[in-house]
Each structure stands twice: as structure tokens, then as C-alpha cells.
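Down below is the structure, laid out as C-alpha cells.
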Amino acid sequence: MGTANLCLSQRELNMATESRTLDPAKVKAGGERIFGYLKGMGVSAMIYLGDKLGLYQALDGAGLVTSAELAQKTGLHERWVREWIRGQAAAGIIDYKGDDRFELSPEIAAFLADSNSPKLAVGIFSDLPQRMAVVERLPQAFKTGIGLNYDARGPEGARGIERVFGNWYRFTLVSQVLPKLDGVVSKLGAGAKAADIGCGAGVALVEMAKAFPQSAFHGYDISRHALARAEENKTRAGVKNLTFHDAAVDGLSLDASFDLITTFDCIHDMTRPFDTIRAIRKAIKPDGTWFIADVKSLPTFE
């Protein structure tokens, strides 16, 4: 056999070993799509590290910095910081300005570093290791049909969700959202009864309880980690008109006594969402308000 016959490209070799005829263009597009998801996983891990190690916070407002300057500022090893910041630049998250200098733009900082930004979303990456650990338990769920609750992700799961939505509650809910609900602000100001179902760490309720001290607020959740965090937030805020309930043992009162019930991004996660919806209908006054913010989804794939 001549040596020329052995000089196959990797692409030709891959095609030659396939048992089916493949469209090269579709193979290329499919590979880019699949490995693009892998690349995204790696970038997500680096975002997690940037948040955990305070790298984004150190970059925010610092202007142009080198990896050595960033390492000195954060007390980290320069070699590792260099790899991290170059990877962030390659991903388009941090801007490379030449001469080995990098910059975090204020637009990206709003998502990753600015604690006063309503857009702050870096918290969604904060429980990434726990999310990936849960994946190992999913094969059993596929076999039994029994899913995992949020506590499967540990305390960091509750804290991560709190960080994702916390600033929206703090800067938007009371000042911009509630005034758009007919009659709600006047009722709360006069003294009303309100509940948040799936309250998580209770940030929404803390903000409402501070703004409307004449009203009584109740939070319901089944996550012990979230409820523990909610109690911490309540104590820190010093509010007295707020009570948290473990919904598994102290469910919603079905006596049509609530003026306002809120559910933020949680109905779609519930095992029996229609049971929850029916309970809310029974718990709310005839002239009460249910404010629901949730995923816009359809019953079919189409």
C-alpha cells in the first residue's frame, strides 16, 4: 500500500469510518452546536469562579488592569488569574484593550458585579457545583418518576435564587410593580393581609413588609434552607409584620381572607400546580388580587 493512500485528513478518516453517509455541512453545524454547549459549560464555571473569588468586584470601576494588578488586588496567584481573565476576554465577557490590559464594561458589570443593579444576575451561577452534583442523581429520577426538590442543592441553592431575584425585589417590586395593580397599594397602606407562595428567602416579603407596616404578610415555602434564610432576612430587616410558614405542615388558609397573593417564578416548578392554583383561589378575597410572574409556556412543543 502506497504512503499516499494513508494521508487522509481527520475529516476524511471520520467519514470513512461512519456506517452511514453523512452530510458534511450538517456534521460541521452539528458539531459546532454540540461543542458550543460544552464551551458554554466551561465559561459558566469561570463566571462562578469570578464571582466566588471577587474578581468581577475587583474589576468593576477599576479601568484598565493587567492580570498581575488584578492578582495583587485580590490576593490570588497571578498565573491562575491570567488564565481566567484571558478566558473571559475570549468569551467576550471582559474587554481586551491591548498591551495585556483588560477592562470590565459597566454594562457587563451590571449583571456580574454591581450589587446595586436591578440587572444583577451572577447569583444564578453561585450554586453551579451543587447543580452539577444533582445531575448524578437524575438517572434514578428518570427510572422512578420522582423528582428532586430544591433542598437537594443545599443551602447554596436557596442563596443562589435569592441573589438572582433579590435586587429586582429591592429596586422594582414596591416602587414600580405594585402601583400597577389596581387598588393594591391603597389596601396595603390601610392594612391588608398578603401572602407570597413559594417565597424562597423572603426578600419580596421583607420589602413589602417594610413599605407597608400596617399590613400582615405571610410567606409559604417547603424548602427548609430557603425558610432558614428567610428568617435571617426578616431578623436583619427588623420587620414585625411578617410570618413564614413551612407549607408542608402549615398550609395556606383557605378562608378567602387574603387581599393579595403573589407567586414569583414558582408555579411551573410545583409537583401539582393546579392544586396550588385552586388553593390560591379559595384563599383570596372575592375582590383580592393574585399577582403571578412565571414562565410563559405552552402545553405542546409546537
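Gain on full extension, evaluated as 0.36 nm per residue between residue 301 and residue 182 minus their Cα-Cα distance, stands at 39.4 nm.
Calculated FRET efficiency, residue 231 to residue 80, Cβ-Cβ distance, R0 = 41 Å: about 0.65 to the nearest 0.05.
I'd like the FRET efficiency for residue 130 and residue 190, computed as 1/(1 + (r/R0)^6) with the beta carbon distance as r and R0 of 30 Å, rounded to 0.05. Let's see the in-between values first.
Values: r = 43 Å, r/R0 = 1.43.
That gives a FRET efficiency of 0.10.
Dipole of the chain (Lys/Arg Cβ +1, Asp/Glu Cβ -1, origin at the Cα centre): which of 192, 173, 21 lies farthest to the positive side? Of the options given, the answer is 192.
Secondary structure note: in the chain, about 15% of the DSSP beta bridges are antiparallel. Rg/Rh for segment 170-293 (Cα atoms only, Rh after Kirkwood) is 0.93.
More than 24 angstrom separation, counting every C-alpha pair in segment 113-222; what % is that?
Details: 2367 of 5995 pairs.
Within segment 113-222, distances greater than 24 Å cover 39 percent of Cα pairs.
Largest GNM mean-square fluctuation among 133, 283, 25, using the chain with Cα springs under 10 Å: 25.
For the chain, the 222 nm mean residue ellipticity estimated from helices alone, with every DSSP H stretch of n ≥ 4 adding -39500 (n - 2.57) and the total spread over all residues, rounds to -14000 deg cm²/dmol.
Label sites at residue 115 and residue 34, each approximated as a point 7 angstrom past Cα along Cα to Cβ, lie 4.4 nm apart. Identify which of 40, 166, 50 has the largest mean-square fluctuation in a Gaussian network model of the chain, with springs joining Cα atoms closer than 10 Å. Among 40, 166, 50, the largest mean-square fluctuation in the Gaussian network model of the chain belongs to 40.
Each residue in 257, 67 was given a count of other beta-carbon atoms within 10 angstrom of its own, and listing them fewest first yields 257, 67.
When 268, 245 are arranged by Cβ crowding within 10 Å, least crowded first, meaning fewest neighbours, the order is 268, 245. Going through the cross-link list 119/193; 193/240; 119/180; 193/282; 187/282, which pairs have a Cα-Cα distance over 24 Å in this structure? The answer is 119/193.
Each of 96, 220 has some number of other Cβ atoms within 10 Å of its Cβ, and from fewest to most they run 96, 220. In this label model, residue 41 and residue 141 are separated by 1.6 nm, measuring between points 7 Å along each Cα→Cβ vector.
No value in this document is a laboratory result; all are computed from the given coordinates. Keep in mind that this is a model prediction, so the values were computed, not measured. Heads up, the Cβs are rebuilt from the backbone with ideal geometry, glycines too, and the neighbour counts pull from every protein chain shown.
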